[in-house]
Every structure is written in C-alpha cells, then in structure tokens.
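Reading through the structure tokens given below for one structure.
The values are calculated or read from the model by the stated rules, or taken from the named source; none is laboratory data. Keep in mind that this is a model prediction, so the values were computed, not measured. So basically every Cβ, Gly included, is an ideal-geometry build from the backbone, and we count neighbours across all protein chains shown. Each accessible area value is taken on the protein alone, full model and side chains, heavy atoms only, with ligands, DNA and RNA left out. Shrake-Rupley method; radii C 1.70, N 1.55, O 1.52, S 1.80 Å.
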Amino acid sequence: MYRRSRFTASLPARGALAAVLVLAAGCASGPRPSLELGSSVLEARQLLVDTAAEGPVLVTWTGNPPLSEPSLLGAVERGVTGLRVETTTKGTAERRFDFRFDSTGPAICGDAAFASTTPAQVQAAFCDGDRAVSVASVEMTGDSDPERVIWQLVGRVVPDDYEEGYGFGWLGNTFSIGVGGGSSSGVGGGIGVGF
C-alpha cells in the first residue's frame, strides 16, 4: 500500500528554501562591526532624533570612502532603522555622522579617546562637537561589501531604540507573540502567545 508523506516540499519550495539559506549565509559572512568601549548608543540615538527633526544630518569622513558620495549617503540612511533620516555633505554641524577610512588620519570626531591605528579598520561615529558619543568599528576585508559595512556600522552606532522608547518593554522579556504559517493543503499554521 502506498503511503503519502505528511509533508512533501515541492520543487519551487525547495528552491526558495535554498535561496533563503544562501542569502542567510551571505549575510553572516565577513566581520561584524563592534561597538567601542565608552560608547553611549542611547544618547547618540536621541541626539540623532533631535538633529534629524531640524533637517538633513551632516555626514563627514577622513580618508577615501569605498563608495561614491551618493552611495555612501544612501548607505548611512539605510543604516538608521526606525527613523527617517536625510543626509547631506554640505555645511557644518556639531552633531553629525563621521567616518574614518584611514587609520593614520585624525581621530574620529576629533576625539583622541577613539584614535585607533589598526590597519584596514573603518570607524563610524555619531559626534557632538569634538566628542564621539557612540563609535563602532570593523575590519574592511577584500570581500567586504562596502555598502553593507556602512549600514551595519551606522546600525551599531545609533540602533533603533524602539524597545526602550515605546515598545513592548513594558512587561520585560517575559512576553512574546509568535505567528506561524502552513501550506496550501492546510497543514500547519497557528498563533501563539508565550509568557
């Protein structure tokens, strides 16, 4: 007697799963930016919110960026999650994003406390005058995607403050909501709430 398996993945579903696994592997490759000791991401995020409310946020750098200016600005904007930010390279401002693409150049934001001399290291910071409020760094390797490096650095420097500001942090980490899905044949699916 022929018995049909309860779950059989179709060829398109297998292809989609393979594509997701390849994409996940690509996202995980390469060094991840690390936050420098002494960084205050919550303060940097609040300063960014205040600055963005007044208009475009200035982006400055030392050294040679691995991207064109429009691509660099786009990557900075993409790196800021949970807040719409426009960037510019025009003018001067105390509060700004600063990048250091040359380990022999001046300290990021002009703050000697963060004067790294590690070769191939890229630094990003949110500055308030000559003070680097929050700084992240990563080693740029030959196979690094420059755009990804920039938006990951920005994401570390000024992460989304949703949970601290207005998220589900009211109940601590004891409450979660999950949603599941199933196939068109009706197998699987559901909604769960956990405490």
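So, of the residues in the range 68-82 that are modelled with pLDDT of 95 or more and more than 14 Å from L153 (Cα to Cα), which turns out to be most open to solvent (accessible area, probe 1.4 Å)?
Per the stated criteria, the residue is P70.
Out of the range 94-114, which residues are under 15 Å from V158 (Cβ atoms) and open to solvent by 40 Å² or more (accessible area, probe 1.4 Å)?
R95
Looking only at the range 93-123, count every residue that is charged (D, E, K, R) and more than 20 Å from the chain's Cα centre (by Cα) and tell me the total.
3
Which members of the range 130-151 meet the condition of being open to solvent by less than 40 Å² (accessible area, probe 1.4 Å) and farther than 15 Å from V57 by Cβ?
A132, V135, A136, S137, V138, S144, P146, V149
If you go through the range 115-129 one residue at a time, do you hit one that is over 21 Å from P33 (Cβ atoms), loosely packed, with under 15 Cβ neighbours inside 10 Å and out of contact with any Ser or Thr (no Cβ under 9 Å at 6 or more places or on another chain)?
yes
Out of (1) in contact with a helix residue (DSSP H, G or I) (Cβ under 6 Å, 6 or more places away or on another chain); (2) assigned to a helix (DSSP H, G or I); (3) more than 17 Å from L35 (Cα to Cα), the odd one out for E77 is which?
Among (1) in contact with a helix residue (DSSP H, G or I) (Cβ under 6 Å, 6 or more places away or on another chain); (2) assigned to a helix (DSSP H, G or I); (3) more than 17 Å from L35 (Cα to Cα), the lone unmet condition for E77 is (1).
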